[in-house]
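Notes for the one structure printed next.
The values are calculated or read from the model by the stated rules, or taken from the named source; none is laboratory data. Everything numeric in this text was worked out from a predicted model, so none of it was measured. Using ideal geometry, Cβ is built from the backbone for each residue, glycine included, and neighbour counts are taken over all protein chains shown. Quick note on the areas: whole protein, heavy atoms, side chains included, nothing else; ligands and nucleic acids left out. Shrake-Rupley method; radii C 1.70, N 1.55, O 1.52, S 1.80 Å.
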Amino acid sequence: MSAVIDVQGPLRKMPAEPGAPVHYRMKVGDTLIPLNDLIGRELQIDFEGEIRCIHCDRLTKKSFSQGFCYPCFRKLAACDSCIVSPEKCHYHEGTCREPEWGETHCMVPHIVYLANSSGLKVGITRKTQVPTRWIDQGAVAAVPMLEVDTRRLSGLVEVLCKQHVADRTNWRAMLKGDVPEVDLMAERERMLETIADGLDALRAEHGEDAIRVVDESGLELAYPVEVWPSKVKTHNLDKTPQVTGRLEGVKGQYLMLDTGVINVRKFTAYHVRLQVFEPSPQQAPDLFSN
Ligand SMILES: [Zn+2]
């Protein structure tokens, strides 16, 4: 088999644009490879043993927080524990690891949303990250619920919601396409009623205007998936540096191969060689006939 694509470089999070279906590209070094066109092709990914920090380019044996070296992991605001638990944002205490980063990433409008990725869940994101965040989670639908002034406030609202709905995606169910139908508009209304007292308390503390109901309709998302796996097996480049298989779909930040799935984001900063091969003869008629 001859490779039609053969590129090398550090792996990056896959850029994705909403569409029917979502349009994905794979980023290897500076090369962007449109993935939707490659569904059905044989792929090979070789991890060549080198990981360079996405912030400082230092060689690192292990990747921390999806692509950072250990010193950066300890130093950068982007790797602080408040990124995972936004309600713990401590900018207002004057202890942000990088206040300037905090000003552009945390002290800006955030959205609290409801999504259906593997069932109903609540989540938060910077306003500018809608709908990227929803796609990264593999949500089939999402609806914004509240807009708030800061990351911390979004975390405090999320804490209210988490008592009633999940805040995590069951990624195995998400990848199997095993997603129940959820009426997100109805759930939004119900959630706003459920947390009304909590919201009043937060508004009393942070200002009436700091938490605003968003009345927009949601977004439905479809993914380029040809075959749903019945059992989800995962590839891990740390354990098996060579991954091969037929690309059957892309969802969230996962490539779905007939041999298993790979979470591309998890291997951000890994130096890889990606090869894509000509379709094998028996698949050729499907690809080229109308
Ligand atoms: Zn670093």
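Couple of notes before you dig in:
- Largest first, the three principal axis extents of the alpha carbons in region 1-142 are 59, 39, 23 Å in whole numbers.
- For the residue pairs 121/231; 61/233; 75/266; 88/239, the alpha carbons lie more than 29 Å apart in 88/239.
- Nonpolar atom fraction for the chain, defined as the carbon and sulfur part of the 1.4 Å probe accessible area, stands at 48 percent.
- Inter-part distance where region 242-278 and region 15-34 are each reduced to a Cα centre, Å: 13
- Computed from label points 7 Å out along Cα-Cβ, the spacing between residue 58 and residue 97 is 1.2 nm.
- Once the Cα atoms are used to define both axes, helix 196-206 deviates from the longest principal axis of the chain by about 80 degrees.
- Whichever aspartates and glutamates have a C-alpha closer than 14 Å to that of residue 176, once near sequence neighbours (fewer than 8 apart) are set aside: 226, 248, 258
- Under the Karplus curve 6.51 cos²θ - 1.76 cosθ + 1.60, θ = phi - 60°, whole-Hz ³J(HN,Hα) for region 90-103, x wherever Gly or Pro sits: 10, 3, 5, 8, x, 10, 4, 4, 9, x, 5, 5, x, 5
- Separation of alpha-carbon centers, region 82-114 and region 177-238, rounded to whole Å: 20
- Å² of accessible area per residue within region 38-104, as computed with a 1.4 Å probe and no ligands counted: 57
- Cα gyration tensor shape of the chain, rounded if a/c is under 1.5, else prolate or oblate by comparing a/b with b/c: oblate
- The trypsin sites (Lys or Arg not before Pro) of region 183-274 meeting both criteria, a DSSP state outside H, G, I, E and B (loop) and at most 15 other C-beta atoms within 10 angstrom of the site's C-beta, are 231, 233, 239.
- A Förster radius of 30 Å, combined with the Cβ-Cβ distance separating residue 90 from residue 201, puts the computed FRET efficiency at roughly 0.90.
- Among the GluC sites (Glu not before Pro) found in region 108-183, those both in a DSSP coil and sparsely packed, with 16 or fewer other Cβ atoms within 10 Å of their Cβ, are 181.
- Low-density loop cleavage sites - trypsin sites (Lys or Arg not before Pro) in region 1-59, where at most 13 other Cβ are within 10 Å (DSSP): 58
- Candidates 278, 205, 48: whichever shows maximal mean-square fluctuation once the chain is modelled as a Gaussian network with Cα springs under 10 Å: 205
- Helix-derived mean residue ellipticity, 222 nm - over the chain, DSSP H n ≥ 4, -39500 (n - 2.57), to 500: -6000 deg cm²/dmol
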